[in-house]
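The block underneath contains the structure these notes are about, expressed in structure tokens.
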Amino acid sequence: MLPPHPNRYKYTKKPTLSMQKTFTDQEIVDGIRSKNTPLLDAIVAYLYHQCQRSITRLVTSNSGSPADADDLFQDVIVAFLQNVWEDRFELRDGVMVTTYIHGIANRMWLKELRRGINRNDRNDKYGKQQHNDQTDTPTPEVEVIEQEELALSLTTFNRLDELCQQILTAFYFEKKTMKQIADEFGLGNEDNAKTRKYRCVQALKRLMNA
């Protein structure tokens, strides 16, 4: 059976998700490989609701807009489907589907920034926003990062070991608590999770200063 054309998932409106439609990682992979269109639609809707918020944070905190984030997700999901269909993705211990998708998103957004697509438009939008919000004091989290620095930071992040990438993604992008992270990654308790996150942050700083 041939899979649906990938452009099917370049939707014009956000998919809806039934509360009953949730999937394990194994069910996601098996469902994609089945090439069953209704099942694929349900899986894509589930992945959208699982990943889009963190992908939006990634993009909007790094010179992009919510519309850019939606475009990026569509490209990411097509790439993920094709990787599964072409046997370039396999489930491994410690690597969740959502983490793999975030990795694709990081790499794709890095390439987008390197190409400088719509850079002038983004700078114009930021300039207008800065003018409108000129009474606010900007924080490091919302300041626009120079393109070269951003490229370096994302490239460096991808050099961390997989567990550190997962923990930092869970904390900073998915906004999970230390308890949730401890439970999800088998770290025992919140103190252990905090210690491991601290070590991952220090490892990232060392790589960036190398």
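Check 53, 88 and return the single one that is closer than 30 Å to residue 182 by Cβ and modelled with pLDDT of 85 or more.
Numbers: 88 fails: closer than 30 Å to residue 182 by Cβ.
Criteria check complete, one pass: 53.
Taken over the range 194-206, the criterion of being farther than 14 Å from residue 180 by Cα, surrounded by 11 or more Cβ atoms within 10 Å (Cβ to Cβ) and of a type in the set (D, E, K, R) is satisfied by 199, 205.
Please find, within the range 168-188, the residue that is nearest to residue 106 (Cα to Cα) out of those that are in a loop (DSSP other than H, G, I, E, B) and open to solvent by less than 100 Å² (accessible area, probe 1.4 Å). Per the stated criteria, the residue is 174. A Cβ distance below 6 Å, combined with a sequence gap of six or more or placement on separate chains, defines the contacts here; from the range 177-206, residues that are closer than 22 Å to residue 156 by Cα and of a type outside the set (Lys, Arg) reach no residue that is open to solvent by 70 Å² or more (accessible area, probe 1.4 Å) and assigned to a helix (DSSP H, G or I). Here are some residues: 136, 191. Which one is at pLDDT 85 or above and open to solvent by 30 Å² or more (accessible area, probe 1.4 Å)? None of the others qualify; the one that does is 191.
With the structure loaded, tell me whether residue 151 is touching a Gly at 6+ places or on another chain (Cβ under 7 Å), assigned to a helix (DSSP H, G or I) and either open to solvent by less than 60 Å² (accessible area, probe 1.4 Å) or modelled with pLDDT under 80 (or both) or whether it fails that test.
Values: touching a Gly at 6+ places or on another chain (Cβ under 7 Å): no; assigned to a helix (DSSP H, G or I): yes; either open to solvent by less than 60 Å² (accessible area, probe 1.4 Å) or modelled with pLDDT under 80 (or both): yes.
The answer is no for residue 151.
The values are calculated or read from the model by the stated rules, or taken from the named source; none is laboratory data. Given the structure is predicted, the values throughout are model-derived calculations rather than measurements. Cβ: placed from backbone, ideal geometry, glycine included. Neighbour counts: every protein chain shown. The area values use the complete protein model at the heavy-atom level, side chains included, leaving out ligands, DNA and RNA. Shrake-Rupley method; radii C 1.70, N 1.55, O 1.52, S 1.80 Å.
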